[in-house]
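The structure under discussion appears below in the form of structure tokens.
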Amino acid sequence: MEVFLARQPIMNRRQQVFAYELLFRAGLDNVYNCTDGNRATATVINNSLFTIGLDEVTGGKLAFINFPRQLLVDEIPTLLPPDQVAIEILEDVQPDEEVVAACTKFKQAGYILALDDFVLRADYKPLIELADIIKVDFLATPPAERAELIKRLDNNRIKFLAEKVETYADFRQGMQLGYSYFQGYYFCRPTLISGRQLPGSYLTFFQALQEISQPEPNFNRLEGIIKRDLAFSYSILKLVNSAAFGLRNQVKSIKHAVVLLGLREMRKLISLCLMRGVAKDKPEELLTCSIVRGRFGELIAECFGLVEWKSDLFFTGLFSMIDALLEKPMDEILNELPLSERVRDALKGKAGDLRNILNLIICYEQGNWAEIKYHLALLSNLGIRENELPHLYRNSLVWANNLLG
């Protein structure tokens with residue numbers, strides 16, 4: 001399913017792009033048509049960060065995102081990188097204790113705070129003291145008030161942004177008054193950006209993979225992430241109790257699975273759930289082939305004394321077809337997955353032993369015997385022998401069938 005958002009550039013005084021404001025869009029109409037501010041912001045975050053990719057949306061520039069009160073007090077902005085996102089506090093947010101406390105945390109964490117559609121009010125003082133940028137609506141604010149705001153609030157720390165700049169005259173006046181940034185139709189209308197939405201559980205899978213890939217994972221947090229998604233929890237328990245894992249006793253809880261399997265196997269299990277999720281509406285053979293490749297690589301590592309490569313070979317094989325499953329370029333997908341640099345390079349096609357083993361696996365899968373000889377020659381320093389490969393491949397097929405059966 002296609003997802004949408006729009007971006008509008010924010011210019012500096014030299015008319016160069018300083019940042020982009022990201023805006024909710026539901027379709028090709030390129031208009032805002034949402035009555036729920038919380039949902040609109042959540043959709044913008046999901047689409048820009050997890051579906052399209054923030055770097056692709058902003059080209060590395062700062063992203064201004066609107067936040068209503070509830071998302072501020074729930075500290076949702078902390079899900080986003082502080083060096084890439086500016087928190088735009090909407091004009092109808094009342095600066096009560098909860099809001100000010102949340103914004104103080106954001107400020108301490110390094111976020112840029114911007115006050116949207118600013119109108120000077122006495123009760124806004126706590127937020128003014130925290131703000132880095134004040135946005136002034138040039139359509140709604142008379143010329144005299146545009147100047148007065150700068151005179152009353154200028155403290156050499158706050159920068160002023162003129163928004164809804166429609167004409168050259170507005171831009172020129174803003175420059176003369178000392179405004180630092182400018183946004184509006186005079187420069188550019190919002191540009192529509194679209195991307196392909198990933199399956200619903202993808203975000204949960206991604207969060208779980210991120211957590212278990214930390215140097216010191218928090219197992220309670222990992223369990224909480226998995227249990228939030230009933231389908232994910234079910235998939236984990238179903239897979240861990242399959243014949244592929246060969247456990248003697250039935251695993252009945254997520255915590256039991258985490259403790260019993262350990263980090264490496266749990267990371268493998270979460271990755272398998274991710275692949276099952278993204279392959280939901282795709283030909284079954286794509287998923288089967290991905291799993292066989294991952295297991296084949298793992299068995300090659302075990303058989304030929306490459307134990308330290310075991311995980312990398314599993315993930316290289318497992319994710320080798322994820323671009324076909326998601327219908328997205330491999331580079332975009334790799335930006336979202338917490339994989340080692342070696343695995344990323346192999347999946348991008350960069351020459352090296354890991355990529356050579358993946359090529360060997362693919363040739364074996366295709367029955368391309370001439371190419372198999374070639375790749376075995378490239379891997380001669382690793383001691384991989386052709387006569388061992390048939391039973392390793394058969395075992396990989398059995399393992400995949402047990403897992404999926």
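The values are calculated or read from the model by the stated rules, or taken from the named source; none is laboratory data. None of the values given here were measured: they were computed from a predicted structure. Cβ: placed from backbone, ideal geometry, glycine included. Neighbour counts: every protein chain shown.
Scanning the range 161-171 for residues that are among the hydrophobic types (A, V, I, L, M, F, W, C) and either surrounded by fewer than 16 Cβ atoms within 10 Å (Cβ to Cβ) or under 17 Å from Lys125 (Cβ atoms) (or both) yields a single hit, Ala169. When each of Leu209, Leu286 is tested for being more than 19 Å from Asn335 (Cα to Cα) and touching a helix residue (DSSP H, G or I) at 6+ places or on another chain (Cβ under 7 Å), the lone residue that passes is Leu286. None of Leu127, Leu113 is in a strand (DSSP E or B) and either hydrophobic (A, V, I, L, M, F, W, C) or in contact (Cβ under 8 Å) with a residue 12 or more places away in the chain (or both) except Leu113.
With the structure loaded, tell me whether Pro142 is under 26 Å from the mean Cα position of the chain (by Cα) and surrounded by fewer than 18 Cβ atoms within 10 Å (Cβ to Cβ) or whether it fails that test. The answer is no for Pro142. Restricting the range 321-337 to residues that are in contact with a helix residue (DSSP H, G or I) (Cβ under 9 Å, 6 or more places away or on another chain) and not in a helix (DSSP H, G or I) leaves a set whose member that is surrounded by the most Cβ atoms within 10 Å (Cβ to Cβ) is Met321. Selection within the range 241-260: residues that are more than 15 Å from Gly224 (Cβ to Cβ) and in contact with a helix residue (DSSP H, G or I) (Cβ under 6 Å, 6 or more places away or on another chain). The member of this set that is surrounded by the fewest Cβ atoms within 10 Å (Cβ to Cβ) is Ala243. Can you find even one residue in the range 294-305 that is more than 27 Å from the chain's Cα centre (by Cα), in a loop (DSSP other than H, G, I, E, B) and at pLDDT 80 or above? Yes, the range 294-305 has at least one match. Find all pairs meeting these conditions: Cβ atoms under 7 angstrom apart; at least six residues apart or on different chains; first residue within the range 331-343 and under 20 Å from Arg293 (Cβ atoms); second residue modelled with pLDDT under 85 and surrounded by fewer than 18 Cβ atoms within 10 Å (Cβ to Cβ). Listed pairs, sorted by first residue: Pro338/Gln210; Pro338/Ser213. For Ala243, state whether it is closer than 25 Å to Leu392 by Cα, modelled with pLDDT under 80 and not polar (S, T, N, Q). So Ala243 passes the test.
Looking only at residues in the range 36-86 that are assigned to a helix (DSSP H, G or I) and of a type in the set (Gly, Ala, Ser), which one is surrounded by the fewest Cβ atoms within 10 Å (Cβ to Cβ)? Among those that are assigned to a helix (DSSP H, G or I) and of a type in the set (Gly, Ala, Ser), it is Ala42. Confirm whether Gln176 is loosely packed, with under 12 Cβ neighbours inside 10 Å, farther than 22 Å from Phe67 by Cα and of a type in the set (S, T, N, Q). Against the criterion (loosely packed, with under 12 Cβ neighbours inside 10 Å, farther than 22 Å from Phe67 by Cα and of a type in the set (S, T, N, Q)), Gln176 qualifies.
Restricting attention to the range 366-396, the residues that are polar (S, T, N, Q), assigned to a helix (DSSP H, G or I) and either surrounded by 11 or more Cβ atoms within 10 Å (Cβ to Cβ) or in contact with a helix residue (DSSP H, G or I) (Cβ under 6 Å, 6 or more places away or on another chain) (or both) total 2. Note on the range 146-185: residues that are assigned to a helix (DSSP H, G or I) and acidic (Asp, Glu) amount to 2. If the condition is being under 14 Å from Phe304 (Cα atoms) and among the hydroxyl-bearing types (Ser, Thr, Tyr), then the range 364-391 contributes only Ser380. The requirement of being within 30 Å of Lys164 (Cβ to Cβ), touching an Asp or Glu at 6+ places or on another chain (Cβ under 9 Å) and modelled with pLDDT under 80 is not satisfied by Ser201. The criterion of at least 1 residues that are closer than 20 Å to Gly294 by Cβ and not assigned by TED's automatic domain parsing to the domain that holds Ser396 is met by the following helices (runs of 4 or more DSSP H) wholly inside the range 211-283: 230-240, 254-278. The single residue among Gly349, Gly317 that is at pLDDT 90 or above, assigned to a loop (DSSP other than H, G, I, E, B) and farther than 17 Å from His391 by Cα turns out to be Gly349.
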